[in-house]
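Working notes, beginning with the structure itself.
The values are calculated or read from the model by the stated rules, or taken from the named source; none is laboratory data. Since the model is a prediction, treat every value here as computed from it, not as a measurement. Note that we place each Cβ from the backbone using ideal geometry, even for glycine, and neighbour counts take in every protein chain shown. Please note that ligands, DNA and RNA were not included when accessible areas were found on the heavy atoms of the full protein model with its side chains. Shrake-Rupley method; radii C 1.70, N 1.55, O 1.52, S 1.80 Å.
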Amino acid sequence: MLIDKHGRKINYLRLAVTDRCNLRCFYCMPEEGLDWLARKELMTYEEMLHVCSVLVKMGIEKIRITGGEPFVRKEFMPFLTKLSKLQGLQELTITTNGVLTAPFVPELKKLGIKSVNLSLDTLDRNRFFAITRRDELPRVMETLEALLHHDIEVKLNAVVMEGKNTDDILPLVELTKDMPVSVRFIEEMPFNGEGNHYTNLTWDHVQILNTIRQQYPDIQKVPDAPFSTSYNYNILGHKGKVGVIAAYTRSFCGTCNRIRLTPLGVLKTCLYGDGVMNVKDLMRAGAGKAALQAALLAAVGKKEKNGWEAEKNSAVRSALNASMATIGG
Ligand code: SAM
């Protein structure tokens with residue numbers, strides 16, 4: 001069982017299968033992209049399956065596949081199919097930008113995937129281009145329609161950026177009127193791959209919520225699911241829900257139940273901290289299941305209490321210069 005030194009049961013893994021992405025969201029990476037990892041540096045699918053099977057035996061119940069963009073890695077669907085069959089895994093989900101996803105939605109449904117997080121920061125094609133540096137909004141909307149058509153639960157993730165898409169907050173909320181989707185507004189975090197961060201975040205969860213409340217004064221708080229990173233709300237008569245994720249102000253860390261594996265095989269026990277071990281290197285050095293298990297147990301045991309502690313302990317402070325694509329957002 002994976003329990004950290006604060007007594008928290010760790011049962012959720014976020015696995016980034018690639019650092020590559022077909023969008024260039026300015027808050028995530030520079031226009032020219034990142035220094036992409038060489039293929040041999042990436043964990044192979046076999047390695048990922050192996051470490052996932054070990055982790056599931058140790059108590060991981062939910063795996064979210066992320067990246068980079070998962071669908072740009074070759075042979076992603078056969079990997080997902082194998083992962084979905086892992087004995088003991090209770091929930092498999094994906095975070096995607098939706099550009100390449102629509103044709104695979106029927107297969108996702110067949111694999112038993114019940115929920116997908118779709119990143120969508122704006123409903124306006126020009127603003128989409130300005131933010132992502134790619135003109136791909138129509139394909140993302142196709143994915144949204146396909147997911148709803150196949151009764152897959154959709155959480156729409158929108159990063160709120162001052163001067164870029166704050167005019168999109170209300171149109172995105174409006175989507176919940178007729179669509180059974182959860183629209184979640186995320187505070188912008190400093191992981192843009194360039195290390196040039198603002199020091200003050202104007203559009204924090206309070207400001208986002210106040211903006212929504214002005215238009216919808218009857219918005220009501222609903223109970224948050226255990227370990228939820230979002231504060232969730234209902235608007236009377238709307239089919240969907242609205243949520244706000246305080247990713248920058250980090251007010252949800254206390255109940256954290258997650259760990260991350262980067263495409264390089266680096267285990268991160270906190271988004272804001274450094275990597276704590278490299279499972280790929282360990283496996284390639286010949287470590288068997290027992291050795292891998294022992295190393296994972298020890299590393300997860302030391303999980304930081306919250307993002308502030310992790311950031312303080314971060315030796316090289318590299319974590320804050322990273323892109324979400326290399327960490328696994
Ligand atoms: N490519 C996939 C996607 O777009 O959903 C998965 C990876 S992406 C890095 C995961 C999520 O991280 C996206 O919702 C993205 O908006 C979010 N993200 C990336 N950089 C961020 C930042 N600096 N602040 C807040 N969220 C960020």
- request: Would you tally the residues in the stretch 231-260 being under 16 Å from the mean Cα position of the chain (by Cα), of a type in the set (D, E, K, R) and farther than 21 Å from Ile65 by Cβ?
  value: 1
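Conditions tested, residue by residue: (1) touching a strand residue (DSSP E or B) at 6+ places or on another chain (Cβ under 8 Å); (2) of a type in the set (Phe, Trp, Tyr).
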position	(1), (2)
Ile63	yes, no
Phe71	yes, yes
Leu92	yes, no
Thr122	yes, no
Asp135	no, no
Arg139	no, no
His150	no, no
Those residues of the stretch 107-149 which are of a type in the set (D, E, K, R), touching a residue at least 24 places away in the same chain (Cβ under 8 Å), under 22 Å from Phe26 (Cβ atoms) and in a loop (DSSP other than H, G, I, E, B), in sequence order: Asp121, Asp124, Arg133, Arg134, Glu136
task: Restrict the check to the stretch 248-255 and report whether at least one residue is away from the ligand (no atom under 14 Å from the Cβ), touching a residue at least 40 places away in the same chain (Cβ under 8 Å), assigned to a strand (DSSP E or B) and within 30 Å of Gln215 (Cβ to Cβ).
output: no
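Okay, residues lined up against (1) within 16 Å of the ligand (Cβ to nearest atom); (2) surrounded by fewer than 15 Cβ atoms within 10 Å (Cβ to Cβ); (3) on the phi > 0 side of the Ramachandran plot; (4) of a type outside the set (Val, Ile, Thr):
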position	(1), (2), (3), (4)
Arg64	yes, no, no, yes
Val72	yes, no, no, no
Gln90	no, yes, no, yes
Gly98	yes, no, yes, yes
statement: Taking first residues from the stretch 200-228 that are closer than 30 Å to Lys9 by Cβ and second residues anywhere that are hydroxyl-bearing (Ser, Thr, Tyr) and at pLDDT 95 or above, the pairs with Cβ under 7 Å that are 6 or more apart or on different chains are Lys221/Tyr233; Val222/Tyr233
statement: Residue set Ala325, Ala295, Ala299, Ala291; condition more than 16 Å from the ligand (Cβ to nearest atom), open to solvent by less than 20 Å² (accessible area, probe 1.4 Å) and assigned to a helix (DSSP H, G or I); output residue Ala299
message: Exactly one of these conditions fails for Asn210: (1) open to solvent by 30 Å² or more (accessible area, probe 1.4 Å); (2) more than 20 Å from the chain's Cα centre (by Cα); (3) within 17 Å of Val160 (Cα to Cα); (4) modelled with pLDDT under 95. Give me its number.
response: (4)
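Every residue, every condition in (1) more than 21 Å from His205 (Cα to Cα); (2) at pLDDT below 95, yes or no:
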position: Ile235; (1), (2): no, no
position: Gly243; (1), (2): no, no
position: Tyr248; (1), (2): no, yes
position: Thr262; (1), (2): yes, no
position: Gly275; (1), (2): yes, yes
position: Val279; (1), (2): yes, no
position: Lys305; (1), (2): yes, yes
position: Ala315; (1), (2): yes, yes
position: Gly329; (1), (2): no, yes
- prompt: Is there a residue in the stretch 12-30 that is away from the ligand (no atom under 14 Å from the Cβ) and within 25 Å of Ala310 (Cα to Cα)?
  reply: yes
Candidates Lys239, Lys312, Lys305 - the one that is free of Cβ contacts under 8 Å to residues at least 12 places away in the same chain and not aliphatic (A, V, I, L, M): Lys312
Flag if Lys268 is within 22 Å of Thr44 (Cβ to Cβ), at pLDDT 90 or above and under 20 Å from the mean Cα position of the chain (by Cα): yes
message: Just to be sure I understand, how many residues within the stretch 112-144 are open to solvent by 40 Å² or more (accessible area, probe 1.4 Å) and touching an Asp or Glu at 6+ places or on another chain (Cβ under 8 Å)?
response: 7
message: Please determine whether any residue of the stretch 191-208 is touching a helix residue (DSSP H, G or I) at 6+ places or on another chain (Cβ under 7 Å), within 13 Å of the ligand (Cβ to nearest atom) and in a helix (DSSP H, G or I).
response: yes
